[in-house]
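Undergrad: Please read through the structure below; I'll follow up with questions.
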Amino acid sequence: FDVIVTPTIIILGPVLLALGMSYGMHIANRFAQEDDPSFTERGRITLKTTGNAVLMSAITTMVGFSSLSFGDLKPVTTVGISLTIGIACCFLLTFVMSPSLCILTKYEKKTIKAQGARWKKVAEIPVNKPYKVLTFFLILILISMTTYPLVEKDTDLMAYAPNRDREMWGTKID
């Protein structure tokens, strides 16, 4: 396939595993929330509701990563194509396997009520005071924007290249 193996390409496996796990967790949690006593009906309802949301998430992620495939750098193009195909496969496998595994294992959601009151108070802050929260984050964004001129943008990419590549371009650094 003329694939150049780089650390970026090696990270594809963990990225796809994480996406597949998140898709599966969404579907399994929705399955467990259904009240219907029939596991088959719960699976059907889950795929009609949350399945659509997971599908839209997969499509938008695929579109975003497919944009990498139009670049000039071969490793980046390979990452874009691989992630696009991999996300499609993750979605299809998750869509088929998650409800089946939930039915097979008779999956039921277990709730843990430890520290619920503390987290509930934290969750109420953006609901009860949305303008204060937005103002706080806008101030953080403005502070961040004021530091942008301090960022050094003149990067010598050849300094990161191995010596053999620098010699080829006539910029050997000892």
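Undergrad: What's the total number of residues in the range 26-37 that are at pLDDT below 85 and open to solvent by 50 Å² or more (accessible area, probe 1.4 Å)?
TA: 4
Undergrad: Among the numbered criteria (1) part of a helix (DSSP H, G or I); (2) within 26 Å of the chain's Cα centre (by Cα); (3) among the aromatic types (Phe, Trp, Tyr), which single criterion is violated by residue 107?
TA: Going through the list (1) part of a helix (DSSP H, G or I); (2) within 26 Å of the chain's Cα centre (by Cα); (3) among the aromatic types (Phe, Trp, Tyr), residue 107 breaks only (1).
Undergrad: Which pairs do you get when a residue that is modelled with pLDDT of 90 or more, found in the range 6-25, comes within reach of a residue that is open to solvent by 40 Å² or more (accessible area, probe 1.4 Å), reach meaning Cβ atoms under 7 angstrom, with the pair 6+ apart or on two chains?
TA: From residues that are modelled with pLDDT of 90 or more, the pairs are 20/93.
Undergrad: Could you run through the range 56-80 and say how many residues are surrounded by fewer than 15 Cβ atoms within 10 Å (Cβ to Cβ) and not basic (Lys, Arg)?
TA: 10
Undergrad: Now for a different question. Condition check: surrounded by 10 or more Cβ atoms within 10 Å (Cβ to Cβ), modelled with pLDDT under 80 and not polar (S, T, N, Q). Does residue 132 satisfy that?
TA: So residue 132 does not fit the description; no.
The values are calculated or read from the model by the stated rules, or taken from the named source; none is laboratory data. Quick caveat: nothing in here was measured; it's all calculated off a predicted structure. Heads up, the Cβs are rebuilt from the backbone with ideal geometry, glycines too, and the neighbour counts pull from every protein chain shown. Accessible surface is based on the protein model in full, side chains and every heavy atom, while ligands, DNA and RNA are left aside. Shrake-Rupley method; radii C 1.70, N 1.55, O 1.52, S 1.80 Å.
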